[in-house]
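The values are calculated or read from the model by the stated rules, or taken from the named source; none is laboratory data. In this text the structure is predicted, and so the values were computed from the model without any measurement. Every residue, glycine as well, gets a Cβ built from its backbone with ideal geometry; the counts of neighbours run over all protein chains shown.
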Amino acid sequence: MAMLPTNLDMDVLRALVIAMEHGGFARAAERLGRTQSAISLQMKKLEEQVGQPLFRKAGRTVALTDAGDLLLGYARRIVALNDEALSAARGRAMDGTVRVGFPQDLAERWLPSVLGSFHRAHPRIHVEAQVGRGRELRERVAQGALDLALAFGEIGGDSARTTTGAATLAHLPVAWVASDGFRADRESPLPLALLDAPCMFRQHGIERLDGGGRPWRITFTSPSLSGLWAAVEAGLGVTIRTPLGLPETLAPLEPHHDLPELGSVPLELHRAPSAANPAVDRLHGILADSLAAVLRDAGAQI
């Protein structure tokens, strides 16, 4: 007689997803109205069902093993499909409008695919997307002009910093970026290709060069990231950015170029306090989920 397959518990999978999205078992317990020990027991049950360790100690926090990371991807899909199936069966297709903002770094490669997937799943939801710089997007969320926004925080910002409606998804390295074959001549001013002011990355890079006594000169400025990438690819200079959305023709400079360290910057998902409806909830979850692989590829600390 064939053995019946193991059925994973939907409540446990949902707890796993929430714990990983919101920073641990304690946060998941708060959102689900349970105790932290109850969430821990659920995760132990999940490990027993899978037959593999899913978690490992990472300092004071808990991180996923390779098996846990693999299961998390499936858990997100299972939970999302469960919710969509219920919505369809109950005849309550979501509608409404969601206003969302993105940094330029995500606009070209990642944004079309995630919005396309969201539209196919929820064709009655109208999405208004804006692309802008971090400070502008954060201010628009605070003013209620945007429901959601992905935005860079302050370079070197504390991951524990709490802003109303904001969650830190990851910390991304800030790097000196140049075209293949670029060589920094220590005896000459460093040529810089930069976004026009005000720009957090521009200001930070110049301050670090000044602090290290390294001479520099601006050889190119642009209001758009696509223009900046073109200039750097053409060899006009080096720029300052994260590896997120970096064109394949460009790469972070290696340490032997003797340029100052630039630290890291948080990528945050902001939500307006007034944005409380199922359409915003759904897009909020999809944005957080679909960014996971992109952030890992960009060397983020999640």
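Assorted remarks:
- Residue match in region 117-130 (condition: in contact with a helix residue (DSSP H, G or I) (Cβ under 8 Å, 6 or more places away or on another chain), outside the structural domain of P223 (by TED's automatic domain parsing), within 24 Å of P273 (Cβ to Cβ) and without any contact (Cβ under 8 Å) to a residue 40 or more places away in the chain): yes
- Scope region 35-72; condition closer than 26 Å to R271 by Cα and at pLDDT below 85; matching residues: T61, V62, A63
- Residue match in region 209-219 (condition: in the same structural domain as Q130 (by TED's automatic domain parsing) and either surrounded by 20 or more Cβ atoms within 10 Å (Cβ to Cβ) or aliphatic (A, V, I, L, M) (or both)): no
- Taking region 175-195 as the range and being closer than 30 Å to E136 by Cα and surrounded by fewer than 12 Cβ atoms within 10 Å (Cβ to Cβ) as the test, no residue passes.
- A single member of R27, R56, R31 is closer than 27 Å to S117 by Cα and of a type outside the set (D, E), and it is R31.
- Pairing residues of region 256-282 that are in the same structural domain as H126 (by TED's automatic domain parsing) and farther than 30 Å from V177 by Cα with residues that are polar (S, T, N, Q) and modelled with pLDDT under 80, at Cβ distances under 7 Å and at least 6 apart in sequence or on separate chains, gives P273/T164.
- Any hit, region 96-112, residues being at pLDDT 85 or above, of a type in the set (K, R) and touching a strand residue (DSSP E or B) at 6+ places or on another chain (Cβ under 6 Å): yes
- From the list R56, R99, the one residue that fits, being over 19 Å from D289 (Cβ atoms), of a type in the set (D, E, K, R), in contact with a Ser or Thr (Cβ under 8 Å, 6 or more places away or on another chain) and not in a helix (DSSP H, G or I), is R56.
- Conditions (1) under 23 Å from I286 (Cβ atoms); (2) aliphatic (A, V, I, L, M); (3) assigned to a loop (DSSP other than H, G, I, E, B); (4) touching a Ser or Thr at 6+ places or on another chain (Cβ under 8 Å); number of the one not met by I155: (1)
- S290 at pLDDT 80 or above and closer than 22 Å to R138 by Cβ: no
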